[in-house]
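Reviewing the structure listed below.
The values are calculated or read from the model by the stated rules, or taken from the named source; none is laboratory data. Predicted model only: the values in this text are computed from it and were never measured. As a convention, Cβ positions derive from the backbone with ideal geometry for all residues, glycine included, and neighbour counts pool all protein chains shown. Areas reflect the complete protein model, heavy atoms only, side chains present, ligands, DNA and RNA absent. Shrake-Rupley method; radii C 1.70, N 1.55, O 1.52, S 1.80 Å.
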Amino acid sequence: MSKLDKEIKSFQKVWKGGYKTGYSTKRNQIGLEHYLAKNLSGDSFLEIGCGGGQWSKYIYNLNFFKKMICVDILSEEHNNFWGYVGDEARKIIKYEKINNCELDFTEDQSIDYVFSYDVFCHLSLSTIDNYLESLFKKCKNGAVLLIMYADPVKYLNSEPENRQHLIKYLPSKKLIYNISNKILIKDALEDKDGKPSDPDFEPRWYWIGKNNFINICKKHGFTIINEDLNIDKTNPVTLFKK
């Protein structure tokens, strides 16, 4: 079983009915909704990892895009996507179940805006690398991308009381709770392309780090607009364009 296959399988046992992000103060989803309402652009929209459709429904109800593609590694039935978003949205939204990073369901240079939240934090460095390579091909010139991912420095600064969440994804450090933040950050970043989730357990987090994410964006030809909008106080949300 490949690394990506293991990661996909780990999701198949969780979030029956579709994952939806909670509206916590530090995650500040309301702030991000307000940002999107004011800054979306183009005609065609791609959401990577739509889950139960929390963001899909919000963006659809803005009546902005002519075409929306919402993709997920889990089926629309597992996520109860249409049950939450509503059947009327089918006239605008196309749901795609995927099992790779190729995005071969849409033509090259066909996407104006890409959004992903609470998804790339679960993807390893090599998987993100593959995704961004595909996204560059599928995006129109001038397309805007807004992607959230995990950074250990920002996480520990925002939620020091929850540092055990970071530790538990580093197998060698599961029981070492007195490890310094400096070493913990170093180990987390070194594990950015580490072992995938055990298929029998919950999906893991990969602490990619802001610098690594930005470097991959630049590697594939994207231009950074804002390294971190800092709307989400716990995780980076980077704005960039083709």
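Go through (1) touching a Phe, Trp or Tyr at 6+ places or on another chain (Cβ under 7 Å); (2) buried (at least 20 other Cβ atoms within 10 Å of the Cβ); (3) in a loop (DSSP other than H, G, I, E, B) and name the single condition Leu103 misses.
Here Leu103 meets the rest and fails (1).
Table: residues versus (1) touching a Leu at 6+ places or on another chain (Cβ under 7 Å); (2) at pLDDT 90 or above.
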{"site": "Gly142", "(1), (2)": "no, yes"}
{"site": "Val153", "(1), (2)": "no, yes"}
{"site": "Pro160", "(1), (2)": "no, yes"}
{"site": "His165", "(1), (2)": "no, no"}
{"site": "Leu189", "(1), (2)": "no, yes"}
{"site": "Pro196", "(1), (2)": "no, no"}
{"site": "Lys210", "(1), (2)": "no, yes"}
{"site": "His220", "(1), (2)": "yes, yes"}
{"site": "Glu227", "(1), (2)": "no, yes"}
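In the range 216-242, how many residues are within 25 Å of Leu184 (Cβ to Cβ) and open to solvent by 40 Å² or more (accessible area, probe 1.4 Å)?
Going through the range 216-242 one residue at a time, the tally reaches 3.
Filter the range 49-64 for residues that are more than 23 Å from Asn100 (Cα to Cα) and of a type outside the set (Phe, Trp, Tyr); which is most open to solvent (accessible area, probe 1.4 Å)?
Per the criteria, the residue is Asn63.
Given the criterion open to solvent by 60 Å² or more (accessible area, probe 1.4 Å), touching a Lys or Arg at 6+ places or on another chain (Cβ under 7 Å) and part of a loop (DSSP other than H, G, I, E, B), identify the matching residue among Lys26, Lys13.
Lys26
Each row is one residue, and each column tells you yes or no for (1) touching a strand residue (DSSP E or B) at 6+ places or on another chain (Cβ under 8 Å); (2) buried (at least 21 other Cβ atoms within 10 Å of the Cβ); (3) over 21 Å from Ser24 (Cβ atoms).
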position	(1), (2), (3)
Lys138	yes, yes, yes
Ile179	no, no, yes
Ile185	no, no, yes
Glu190	no, no, yes
Gly209	no, yes, yes
Ile214	yes, no, yes
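For the condition open to solvent by less than 30 Å² (accessible area, probe 1.4 Å), outside any helix (DSSP H, G or I) and on the phi > 0 side of the Ramachandran plot, what is the one hit in Gly18, Gly42? Walk me through how you get there before you give the answer.
Numbers: Gly42 fails: open to solvent by less than 30 Å² (accessible area, probe 1.4 Å).
Criteria check complete, one pass: Gly18.
Could you grab me the full set of residues in the range 127-171 that are closer than 18 Å to Tyr117 by Cα, hydrophobic (A, V, I, L, M, F, W, C) and part of a helix (DSSP H, G or I)?
The answer is Ile128, Leu132, Leu135.
Among (1) free of Cβ contacts under 8 Å to residues at least 60 places away in the same chain; (2) outside any loop (DSSP other than H, G, I, E, B); (3) open to solvent by less than 40 Å² (accessible area, probe 1.4 Å); (4) small (Gly, Ala, Ser), there is one condition Gly31 misses while meeting the rest; what is its number?
Only one criterion in (1) free of Cβ contacts under 8 Å to residues at least 60 places away in the same chain; (2) outside any loop (DSSP other than H, G, I, E, B); (3) open to solvent by less than 40 Å² (accessible area, probe 1.4 Å); (4) small (Gly, Ala, Ser) is unmet by Gly31, namely (1).
Can you pull out every residue in the range 140-155 that is open to solvent by 10 Å² or more (accessible area, probe 1.4 Å) and aliphatic (A, V, I, L, M)?
Within the range 140-155, Val144, Val153 qualify.
Considering only residues that are part of a loop (DSSP other than H, G, I, E, B), surrounded by 22 or more Cβ atoms within 10 Å (Cβ to Cβ) and not aliphatic (A, V, I, L, M), which ones fall in the range 106-123?
Tyr117
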